[in-house]
Amino acid sequence: MIEFLIVAFAATLIYLSAAQRFRVFARFMGVQGVLIFGIAFLELNEMATGNLILVVSETLVFKGIVIPFMLFYIIRRTQVFKVHAQATPSFYILLLNAISLIVSVIIAYTLQNPFINIVFMTVALYALLSGLIIIVTHKLIISHLIGFLIIENAVFLFTIALGNEMPALINIAMLLDIFVGVLIMGFFGLRLNPDTGELTQLKD
Amino acid sequence: MELILFFSLTLFFALAIFFMRSKLFTRGASLLFSVSLIGLTIHGWMHIDESPVHFFTFSHEGLLLLSALALLSLPTFYHGFRYTQNASVKHFNIYHISMMALMTFMTGAYLSDSMTMLWVFVEATTLSVAALIYHDRTPQSLEATWKYVFICSVGISIAYVGILLLGFIYGRYDAANLTFDEFSLLVSQANPIYLKVAFVFVLVGFSTKMGLFPMHSVTIDAHSVAPAPVSALISTTLMNVGFLAIFRVFTLFSSTEILPFMQHSLVLTGILSLLIAAGYMLKAYHIKRMFAYSSLEMMGLVAIAMGSGKSGYYAAILLILLHSLVKSSIFFHMGQFKNVTHSYTLKQVGNYMKSYPAGGLLLLCCVVFILAIPPSGIFISEILIFKSIIAQQHWITFVVTALLLTAVIYALLTRVLHILFSDPAEPLTEAEAPGKARPVETIPQFVLLIIVAVLCFYQPDFLNEAINASIANLPK
């Protein structure tokens, strides 16, 4: 079951790399949040109640509900619905994504050890690279936010992959990370001009 | 217990400032906070190597960097009061609460004894710095804040993956909870490939804070618009946080077979940082950006020193400490510089020595000191770095470093001498008269420079012992 959810998570990454409309991005970020909740719930089977509440709030509440809601709000407010015309064409992003998947598989097999599920490792690395690819190839701030949120999800997957219990300190770190993500979206998503091409007042 | 008291006091001061809404009260609370930070530092030195609370320890390297922060805290608040004197009460209070938070988070990072705890504090510094960079509420400050928060968050997430990889090495779910001492006992069992990947992630991730290549641009842009006292901390004590994170991992892995890999990575990163710093300083148009690139150059030298080993380790820590004092003096002065010249653009400013002799003299001294010209203590650390490079017979590193440093010296000296003694190339059209500044404001900077000058000729035993204890776990 867990592996099914992990592969479904990887499928969302492939879909996100080819997506053109921000509503699709927002929906799939919600789907990723729910999938991560499922993975965490099934994998972290020795959690104390307090930790379980934290994990539920981090995944289902924040990643599954709050973040997609905020993304939809930003889309409505900024009236930006599609990726920038000058963004790298989807075909090339998809190609880069496929290469990053192959690279992730190679790295995961190279780093193979008895303590780690190789599918977990592959998909977490793939998510990290996918997030970075979206940030580098897209031109709008909202795309960059999506890339950042995917990286956050990758970090969360890495964390879950560590074992069947999530220490409180890691939970604090994850909560802080999510807080920063929400702050970035809430504060900058609405205040900045959506086009990153406009952010050139500070340069050499 | 004392550490918890310090964190509680910070929270108390922040809440009191929020509710009192008085500039006078904020000033008093800020000064009391600074006194409590100095008190914590003294307490730490009296309880060296003890753990005040789980996940924290009064280590030598942490306390050395904390001492630099404590020393700079009073001038930072003093210049902050001057910078924000015309701000509304709300913005004045937000600035000082953020400054206290930043200093507290940096203190937590210096004293952390666990990689995850260190990461938590580093991430927290990003939030407080963001509030400080945004202080002026201009479109430029919004852009700089966005770039800072976004790139730092991505970088720090990458660093966190590196930390989590440490957990994979041992197959222990609680690996991210382990203290550095506990990790050092396990490190010999690790697969070197994991260690290499973890080191690269940590180096790239924390280079956002240390201001090293490849994530250096984030701090450069922040400097352009940040208030002068904030630039002083971003360029010094905050970079030290990034350095400490990388130094801790380097020390942890130094007993394994990946030491040469780490050293080569650091030397390469250092040389690329120097190359970028020299290149951009030669075409600099903005004085704060120019000094920000000078910080990149210094961090590049620190990386090269770490990569060169032997006396380089000692030189790296000495350089980090002395750079903190000199570079903060420069950035503290930038507030006055702007008041007098009304611009940071190099072509628009000139005759600074004539219009403000105390400031001109200070700027000249600062540049002499940052370029490691005696009587600057930085001269000693740079000599040790070159000694270490030559001892390792890294001739290419030696030649490239020397050439790039020559370019940096040329770029910095020509531009600053132009500011001091020449007419501006493109005077401001409003024909504004030089603004007024109080020479008394230069006193804290001169005091910091005197300390650096004294350390050129005499390094007290306690300083030598503390630095040697910090690098005791590194291979000789």
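The values are calculated or read from the model by the stated rules, or taken from the named source; none is laboratory data. Small disclaimer: the values here were computed from a predicted structure and weren't measured. Cβ coordinates were reconstructed from backbone atoms using ideal geometry, including for glycine residues, and neighbour counts include every protein chain displayed.
Residue-by-condition table, conditions (1) closer than 23 Å to A:LEU176 by Cβ; (2) of a type in the set (A, V, I, L, M):
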{"residue": "A:LEU54", "(1), (2)": "yes, yes"}
{"residue": "A:PHE62", "(1), (2)": "yes, no"}
{"residue": "A:ARG76", "(1), (2)": "no, no"}
{"residue": "A:ASN97", "(1), (2)": "no, no"}
{"residue": "A:LEU101", "(1), (2)": "no, yes"}
{"residue": "A:PHE115", "(1), (2)": "no, no"}
{"residue": "A:LEU129", "(1), (2)": "no, yes"}
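Residues of segment B:264-285 being within 14 Å of chain A (Cβ to nearest Cβ), out of contact with any helix residue (DSSP H, G or I) (no Cβ under 6 Å at 6 or more places or on another chain) and not aliphatic (A, V, I, L, M), which ones?
Within segment B:264-285, B:GLY279, B:LYS283 qualify.
For (1) surrounded by fewer than 23 Cβ atoms within 10 Å (Cβ to Cβ); (2) facing chain B (nearest Cβ under 7 Å); (3) at pLDDT 80 or above; (4) in a helix (DSSP H, G or I), each residue gets a yes or a no:
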residue: A:TYR126; (1), (2), (3), (4): no, no, yes, yes
residue: A:ILE134; (1), (2), (3), (4): no, no, yes, yes
residue: A:SER143; (1), (2), (3), (4): yes, no, yes, yes
residue: A:PHE156; (1), (2), (3), (4): no, no, yes, yes
residue: A:ILE170; (1), (2), (3), (4): no, yes, no, yes
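In the list B:SER265, B:SER295, which residue meets the criterion of being of a type in the set (S, T, N, Q) and over 16 Å from the mean Cα position of the chain (by Cα)?
Result of the check over B:SER265, B:SER295: B:SER265.
If you scan segment B:369-391, which residues turn out to be over 15 Å from B:LEU455 (Cβ atoms) and buried (at least 18 other Cβ atoms within 10 Å of the Cβ)?
B:LEU371, B:ILE385, B:PHE386, B:SER388, B:ILE389
When only residues in segment B:378-413 that are small (Gly, Ala, Ser) and under 20 Å from B:LYS310 (Cβ atoms) count, which is nearest to the chain's Cα centre (by Cα)?
B:SER381
Return yes or no: is A:ILE116 within 12 Å of chain B (Cβ to nearest Cβ), assigned to a loop (DSSP other than H, G, I, E, B), in contact (Cβ under 8 Å) with a residue 40 or more places away in the chain and touching a helix residue (DSSP H, G or I) at 6+ places or on another chain (Cβ under 6 Å)?
Spelling it out, A:ILE116 is indeed within 12 Å of chain B (Cβ to nearest Cβ), assigned to a loop (DSSP other than H, G, I, E, B), in contact (Cβ under 8 Å) with a residue 40 or more places away in the chain and touching a helix residue (DSSP H, G or I) at 6+ places or on another chain (Cβ under 6 Å).
Restricting attention to segment B:37-54, and to residues there that are surrounded by fewer than 19 Cβ atoms within 10 Å (Cβ to Cβ) and part of a helix (DSSP H, G or I), which single residue is nearest to the chain's Cα centre (by Cα)?
Step by step, filter segment B:37-54, then rank; the result is B:ILE38.
Name the residues in segment B:112-162 that are of a type in the set (A, V, I, L, M) and more than 19 Å from the chain's Cα centre (by Cα), would you?
Selection gives B:MET115, B:MET117, B:LEU142, B:VAL154, B:ILE158, B:VAL161.
Away from chain A (no Cβ under 14 Å), part of a helix (DSSP H, G or I) and among the hydrophobic types (A, V, I, L, M, F, W, C): which single residue out of B:VAL230, B:VAL204 fits that description?
Residue meeting the stated conditions: B:VAL230.
Just checking, does segment B:132-154 include any residue being in a helix (DSSP H, G or I), out of contact with any Ser or Thr (no Cβ under 6 Å at 6 or more places or on another chain), more than 14 Å from chain A (Cβ to nearest Cβ) and basic (Lys, Arg)?
No, segment B:132-154 contains no residue that is in a helix (DSSP H, G or I), out of contact with any Ser or Thr (no Cβ under 6 Å at 6 or more places or on another chain), more than 14 Å from chain A (Cβ to nearest Cβ) and basic (Lys, Arg).
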